[in-house]
Structures are given as structure tokens and as C-alpha cells.
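Please read the structure below before turning to the comments.
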Amino acid sequence: MRAFSFIHAADLHLDSPFKGLSGLPDAVKAGLRDSTFAALDRLVELALERRVDFVLFAGDIYDAKDRSLRAQLRFQQALQTLAGRGIRSYIIHGNHDPMQEGYAAKLSYPSEAHIFGCLEVESVVAAGADGTALARISGISFDRAAVTDNLTPGYVSHFDGLFHIGLLHTNVDGDGEHGNYAPCRLGDLLGRGIDYWALGHVHTRRVLHERPWVVYPGNAQGRHIREQGARGCYLVEVSAQGEAQLRFQPLDSWRWEAAEVPIDGLETEQQLKEALEEALDAAAAAGEGRSVLLRLSLTGRGVLHGVLRRAGAAQELASALGEACDGVWLESLTDRTGAQVDTEALSAQSGFLGELLRLAGSTGASSSLLTELCTDSLAPLSVNPLLASLLDGITEAEKREWLRQAEELAIDLLMPGLEAGRHG
Ligand SMILES: [Mn+2]
């Protein structure tokens, strides 16, 4: 075989709506709305520039079953541009864009683009522009969103000496962050005669195994605060001996970052402002020239807690920071600070506050007690069926954060000498 190269991308989620960003300027919202398409454009540029032999799209090309026509036309255009330069594409559909559900426009795709069907695992030979067989690619699309079968048994050895790529949208080893669709175990992927598993579904890139390679490239553009850091695809070069070399290539134009700014030891509003500006500069650097959406949390204990407790203080700081650093936008600024007190000493004290803090401590240390407390406290809300369904979705981390806020509020209200305003 001759050496060849390909791009492995997944989870483009074209035309993601980027909801819930009402506080941001319209230009930012428009930029975000376009960012999944911009990532696709960059992918095409990369493929042309590096003259790869083919491109793999491992499912979730579109964000929604009822995919927009705009998204389908842009993807068709991308495939045509690649085909025009002799670059083939291999495509599977995932749980967000299953083949037999939702709206698929009747469009013609270039013959250089192969879309795998959803009935059984198909296997095709990828040839270079000169007709040389380069690799075998096996794949299957999702027919419906909720595929619960393990699809790996359909992938078999072909004993043809070709580098064998398995294209699959799957949740390997039950990743709890993603729906458990087409679930399989890492062990199911090994020993099947596949040299490179080109996976999709998990949005954070990871290499689960080397030789054979089991790879999630992650999504091409982060879409919310839980999708932080660089996003893109893998550029894979396979030598004539069948050795693969992977290089991550960012494709994102907007990057999500989160940072904490502790107020411990800060004495003045000026120092607080400077600490926040430093966090913005660090986020700008992490963006590597891209626009950044930053979630800032003020943490720790200090004298400035009293200032931050004033109504609207966090919001006022956020709007002042809005213009502080080019290319960085605040997704939110949250105050999670506490008064400058020794909580250990406080909770060792006798009296009401001490007992309350001890109770909070033991509740926080036990997930069953925490669940019990939240269930009891929220019982009046669960009478409403709409609210009851929302309550089911509250995570343990959120419950813990509420408990922490309640503790701080109790300290603020019950400690003698701590009123809103500055205190030492
Ligand atoms: Mn996805």
C-alpha cells in the first residue's frame, strides 16, 4: 500500500441554535450562530491545504433531526468542494441526525461522497485520485435516534491487506455525559481487524486506544460552557507500513473557558478589578486568537465579600469588564465568595449557628442526606407537574452548591457584626 492521509471529524452539529445567551450583544450571537458552519469551512480548507485523500464524518453532522435546509445545503456544498479537488468523503449519521427520522432534503450529493446506510454495516474500498486502493472503510448510520443495539458485531475482518477503518457513532464504556446510544465496550472494538476506529458521539476528544486506534475527535466547535477548550478534528497520516500518526487540528472560532478568581487576600475594589482583568487576559491567551466566552466565578473568603453581597455588584463588575479585553466575552460572572470567617472554628462553637453549620457539614458529606434535604425542601414545588419534571433534572453538584450558598447566607445573617457592606 502507499502512504495516505485523511481527516477524522465528528459531531459538527451544524446550525446549533446557541440558546440562552440573551445577555450577549447581537454581533456575538450572530457569530456563534455561524460558528458551526465556520468550523466546516475551516475543515474543507484544511483538507485542501493538506491534500488529504479523504475525509471521515462520524455522525451528528446536523444538530437536530429536523435539520435546517441551510445546514443541508452548506454540507452539500462542502462535499462538492472536496469532490471538486478529488477528495472523497465518508459519512455516517448519528443520534442527532438519524436517517429515517426528521427532515432530510432530497439533494444530490457528488459520487465522491459515500453515505453509509442504516440497515447493516457496509464496507467500501477508498481509492486515491489515481485509483489506487488506499484503505477499507466500514460503517453504518443510525436509522433512528435511540439506537440501543451494540453495532460492533457487524464489523468483520476482510483479510485484504488494506488499512481498515471502522466508522461508528457510539458510546464506548457508558460515558455518563452522553446518551447511551449504540453502546459498546472498548473490548468490543479490539481484535476485529480494524486498524482505526473513527468514532463520533462523545464531544470531548480522546484517544481510547493505540494500535488499533480508537479515537473520538470531539466536536468541531464548542457549543456551551460544558464544551470548553480547543475543538476540531484529527489529521491522520498513515505510512506505507500502516503506521498511523495523529495530529489534532483546531477548527473552532469561538472558545468556551471557565476561570475562578479567589478574593482571599484582596483588600480593595481596585485589586479585585485587576484580578478579574488578569483572568480575562489569561482567557484571551487560551483562545489563541479566537473569540472567547468566559464563565468567571469569584471564590474564596475575604473582606470584599461584603462588597459583592450588595445587590447588583456582580452585574456591575461584569458590565464594566465587558470592554476590558478584546475578544473575550463574559458568559457569566458568579459570586461564590464567603465572609472572612474561620468556618471550622464557627462550626465548633455551641449555639445556633455552630449547630446549623455542623448539620450542613454532615448533610453535604452524605449524598442520601443531601437528597433527602432537597426533596423535603422542594416538596411544595413538586405539586406542579411542570416544576416536578424540572426537579428531576437537578444534579448532585447543583444541590451541593445550593447547600453551600445556604451556609454562606446563614453566616452572613447570623454572625454578629457582619452586615452587608465592608467588614473585616
Ligand atoms: Mn453529537
Solvent exposure ordering (accessible area, 1.4 Å, most first) of 256, 402, 213: 402, 213, 256
Cα-Cα pairs of the chain separated by more than 38 Å (percent): 36
Note, ³J(HN,Hα) from phi for the range 303-316, Karplus 6.51, -1.76, 1.60, rounded to Hz, x at Gly and Pro: 5, 6, 4, x, 5, 5, 6, 4, 4, x, 4, 4, 5, 5
Other-chain or far-sequence residues with amide H under 5 Å of residue 258's (modelled H): 295
Rounded to 10°, Cα long-axis angle of helix 269-286 versus longest principal axis of the chain: 10
In sequence order, calculated HN-Hα J values of the range 289-299 (Karplus, 6.51, -1.76, 1.60; Hz; x Gly/Pro): x, 8, 6, 10, 10, 10, 9, 10, 10, 8, 10
Degrees separating the helix 352-364 axis from the principal Cα axis of the chain, which is the longest one: 10
On Cα atoms only, tilt of 69-84 relative to the major axis of the chain in degrees: 50
Accessible area (Å², 1.4 Å probe, nearest 10) - residue 352: 140
Distance from the range 23-63 to the range 313-348 (C-alpha centre basis), Å: 34
Furthest towards positive pole of dipole, 38, 387, 127, structure part the chain, Cβ charges: 127
Anchor residue 65: lysines whose Cα lies under 22 Å away (excluding residues fewer than 8 positions away in-chain): 19, 106
Listed residues 286, 325, 94: farthest to the positive end of the dipole of the chain (Cβ charges): 94
414, 12, reordered so the largest accessible area comes first (probe 1.4 Å): 414, 12
Loop-located GluC sites (Glu not before Pro) in the range 56-151, at most 13 other Cβ atoms within 10 Å (DSSP): 120
For residue 292, residues with placed amide H under 5 Å, excluding near neighbours: 255, 328, 329
Residue-wise HN-Hα coupling along the range 88-93, computed from phi with Karplus coefficients 6.51, -1.76, 1.60 (Hz; x: Gly, Pro): 7, 10, 10, 10, 10, 9
Share antiparallel - DSSP beta bridges, the chain, percent rounded to 5: 30
Per-residue SASA entry for residue 111, accessible area with 1.4 Å probe, Å² rounded to 10: 110
Selected from 182, 240, 47 as most flexible by GNM, with the chain as the system and alpha-carbon contacts under 10 Å: 240
Cα pair count fraction exceeding 13 Å, expressed as % - the range 303-370: 74
Amide H contacts of residue 163 (H built 1.01 Å from N, under 5 Å, at least 5 apart or other chain): 136
Solvent exposure, largest accessible area first (probe 1.4 Å, DNA, RNA and ligands not counted), of 254, 197: 254, 197
Cα centroid separation - the range 208-229 against the range 261-279, whole Å: 34
For residue 328, solvent-accessible area (1.4 Å; no DNA, RNA or ligand), Å²: 10
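The values are calculated or read from the model by the stated rules, or taken from the named source; none is laboratory data. Please read these numbers as outputs of a predicted model, since none were measured by experiment. When we count neighbours, we look across all protein chains shown, and the Cβ atoms used for this are built from the backbone with ideal geometry, even at glycine. Quick note on the areas: whole protein, heavy atoms, side chains included, nothing else; ligands and nucleic acids left out. Shrake-Rupley method; radii C 1.70, N 1.55, O 1.52, S 1.80 Å.
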